[in-house]
Amino acid sequence: MSGLVVARVETALSLSFHIMFAVFGVGLPWLMLYAERRWLKTGDLVWYALTRKWARVMAVLFAIGAVSGTVLSFEFGLLWPTFMSTYGGAIGLLFTLEAFAFFTEAIFMGLYLYGWKRLSRRAHWLVLWPIAISGTLSTLFVVMANAWMNHPVGLGVSHGKITADPWAVFSSSTSWTEVTHMFVAALMCTGGAVAAVYAIGMLRGRRDEYHRKGLNLGMAVILALAPVQLLIGDFAARDVATTQPAKLAAMEGHYYTSGHVPLTIGGFYNSQTHQLVGGVPIPDGLSLLLDFKPGAVVPGLDQTPANQQPMTAVVHLAFDSMVGLGTAILLIAAWGAWRWLRSRRRGVVPRIAHTKRWLWAAAFSGPAAMLAMLAGWEVTEGGRQPWIVYQQMLVADAATKSTGLGWALLVTILIYLGLAVALILILRKLASGSPPELARIGSETGPDIEPTPALEVTR
């Protein structure tokens, strides 16, 4: 295989694998902050058991993510040497900041994991804050680098060489819309995964307080953020319309520049006829969404040279998948809000009964959020093609010219397969049986013992 093919396949594989761990590095510490705080405030050992279980999972995911991220960092230099030598000055600051955030996260991760019996309860909870903040920043700095590739700012030429202002990325609207979109997506993926795990447990008959609290917290996170993500996505689409009109046209399968452009739900893009087949058009929908005018002109792919157009069929399908899955989660949120309000009006407790339908909806929300996030990244990356830096450098010019790199791709695949197998085996082991902390509820808190924050549970 050519160096270009290896570079594209290997980078796509590495990014797809790594991003699934990065989202938990962002979201899980924030859920743990809430759970451990609830234990400190109420003395409820169920919250303590949830925190301890999630701490073990966080440690495993952090280790796997660190390995996959290290592989990815080597790939930038080895597979994309022209890109890094030309534009390293523009994104180098972001990767430096990401390294500091990662080291901060690793240091406090050690303090947290080994500090259960060595730190006071309050100090132990406070150690989670640097983990949550640095884990979030670590991912968001990398997302900002990607945002710069979508909308390169701060570029200049001096003595025939390209120069870059590394601070300019922080003033780019694209950076903040992409970062915000990803942050909320990470929280939704984490909340959805937590909800799905406990929903499946309850479907198997484990209807105890431990599973109920885990399910409720996960569902509260993903469903509360679903409408927020909708609004952020709307702002992001407007930014794409301004900075990358070809990407927006590919997302919507819109070829001919015109006004009164419909918003088409579903459908497949025919690259020969440049038409959407099988979709449901909403008259003037896209024009209204972008400019709030039914006759607003929307640039189409016909304004972009054929050799610079994205793979519209793939981008449109990925965009529809992301929107469709996000809409499904939003409908679950609306259903949950309706059930909660109806129960509140009737004075019924619990507000949302854990019926089989609700549990299946919760089990669906986790995979749906993760698939929507991956589809969104396909839109972001595929919609920028064939550019690696939009309208500045082509992917073909940025990749290594070396040949015979098929072995590197094979090694990468083997590494990720090994990591995936190890992860599955470890998580299955962690998931089997009840957390040992739950046994203390019966032994240390009987009917005559009121759980309080002063209860000793760490000896």
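A compact table of results
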quantity	calculated
Condition met for Thr163 (under 20 Å from Gly326 (Cβ atoms) and among the polar types (S, T, N, Q))	no
Search result, residues across segment 26-46 that are assigned to a helix (DSSP H, G or I) and open to solvent by less than 20 Å² (accessible area, probe 1.4 Å)	Val26, Gly27, Leu28, Pro29, Leu31, Met32, Leu33, Ala35, Glu36, Trp39, Leu45, Val46
Which numbered condition Phe268 misses (of (1) among the aromatic types (Phe, Trp, Tyr); (2) open to solvent by 60 Å² or more (accessible area, probe 1.4 Å); (3) over 21 Å from Gly376 (Cβ atoms))	(3)
Segment 313-331, residues that are over 17 Å from Asn150 (Cβ atoms) and open to solvent by less than 20 Å² (accessible area, probe 1.4 Å)	His316, Ile329
Residue in segment 341-363 that is touching a Pro at 6+ places or on another chain (Cβ under 9 Å), surrounded by 20 or more Cβ atoms within 10 Å (Cβ to Cβ) and assigned to a helix (DSSP H, G or I) present	no
Qualifying positions in segment 182-230 - charged (D, E, K, R) and part of a helix (DSSP H, G or I)	Glu209, Arg212, Lys213
Inter-residue pairs, beta-carbon under 7 Å, first in contact (Cβ under 8 Å) with a residue 12 or more places away in the chain and in segment 74-97, second crowded, with 18+ Cβ neighbours inside 10 Å and charged (D, E, K, R), 6+ apart	Glu75/Glu10; Leu79/Glu10
Flag if Ala396 is open to solvent by less than 50 Å² (accessible area, probe 1.4 Å) and at pLDDT 80 or above	no
Criterion: hydroxyl-bearing (Ser, Thr, Tyr), in a helix (DSSP H, G or I), touching a residue at least 24 places away in the same chain (Cβ under 8 Å) and open to solvent by 10 Å² or more (accessible area, probe 1.4 Å) - qualifying residue of Thr403, Thr380	Thr380
Subset tally (residues that are open to solvent by 20 Å² or more (accessible area, probe 1.4 Å), part of a helix (DSSP H, G or I) and aliphatic (A, V, I, L, M)) for segment 164-181	0
Test: residue in segment 56-66 that is on the phi < 0 side of the Ramachandran plot and outside any helix (DSSP H, G or I)	no
Which numbered condition Glu75 fails, given (1) closer than 20 Å to Leu409 by Cβ; (2) open to solvent by 30 Å² or more (accessible area, probe 1.4 Å); (3) among the charged types (D, E, K, R)	(2)
Residue within segment 103-116 that is within 27 Å of Asp208 (Cα to Cα) and either open to solvent by less than 10 Å² (accessible area, probe 1.4 Å) or of a type outside the set (S, T, N, Q) (or both) present	yes
Any hit, segment 168-185, residues being closer than 30 Å to Pro350 by Cα and not aromatic (Phe, Trp, Tyr)	yes
Scope segment 271-307; condition aliphatic (A, V, I, L, M), surrounded by fewer than 13 Cβ atoms within 10 Å (Cβ to Cβ) and out of contact with any Phe, Trp or Tyr (no Cβ under 9 Å at 6 or more places or on another chain); matching residues	Val280, Ala306
Single residue of segment 139-161 satisfying the filter (out of contact with any strand residue (DSSP E or B) (no Cβ under 6 Å at 6 or more places or on another chain) and without any contact (Cβ under 8 Å) to a residue 24 or more places away in the chain) that is surrounded by the most Cβ atoms within 10 Å (Cβ to Cβ)	Val153
Any hit, segment 112-119, residues being part of a loop (DSSP other than H, G, I, E, B) and basic (Lys, Arg)	yes
Residues that are buried (at least 19 other Cβ atoms within 10 Å of the Cβ) and of a type outside the set (A, V, I, L, M), drawn from segment 234-261	Asp239, Thr243, Gln244, Lys247, Glu252, Gly253, His254, Tyr255
Among (1) among the polar types (S, T, N, Q); (2) within 28 Å of Leu423 (Cβ to Cβ); (3) open to solvent by 30 Å² or more (accessible area, probe 1.4 Å), the one test that Thr136 misses	(3)
Selection within segment 117-133 - without any contact (Cβ under 8 Å) to a residue 60 or more places away in the chain, over 27 Å from Ser73 (Cβ atoms) and open to solvent by 50 Å² or more (accessible area, probe 1.4 Å)	Arg118, Leu119, Ser120, Leu126
Selection count where residues are assigned to a helix (DSSP H, G or I), without any contact (Cβ under 8 Å) to a residue 60 or more places away in the chain and not charged (D, E, K, R), scope segment 249-294	6
Where Ala249 falls short, out of the listed (1) touching a Phe, Trp or Tyr at 6+ places or on another chain (Cβ under 6 Å); (2) of a type in the set (Gly, Ala, Ser); (3) more than 26 Å from Pro29 (Cα to Cα)	(1)
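Results for (1) more than 25 Å from Ser85 (Cα to Cα); (2) of a type in the set (Gly, Ala, Ser); (3) touching a helix residue (DSSP H, G or I) at 6+ places or on another chain (Cβ under 7 Å), shown as yes or no for each residue.
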site: Ala363; (1), (2), (3): yes, yes, yes
site: Gly366; (1), (2), (3): yes, yes, yes
site: Met373; (1), (2), (3): yes, no, yes
site: Val379; (1), (2), (3): yes, no, yes
site: Arg384; (1), (2), (3): no, no, yes
site: Gln391; (1), (2), (3): no, no, no
site: Ala396; (1), (2), (3): no, yes, yes
site: Gly404; (1), (2), (3): no, yes, no
site: Leu410; (1), (2), (3): yes, no, no
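The values are calculated or read from the model by the stated rules, or taken from the named source; none is laboratory data. Keep in mind the model is a prediction, meaning the values are calculated, not measured. All Cβ positions, even for glycine, are placed from backbone atoms using ideal geometry, and neighbour counts span all protein chains on display. Just the protein is used for accessible areas: all its heavy atoms, side chains included, with ligands, DNA and RNA removed. Shrake-Rupley method; radii C 1.70, N 1.55, O 1.52, S 1.80 Å.
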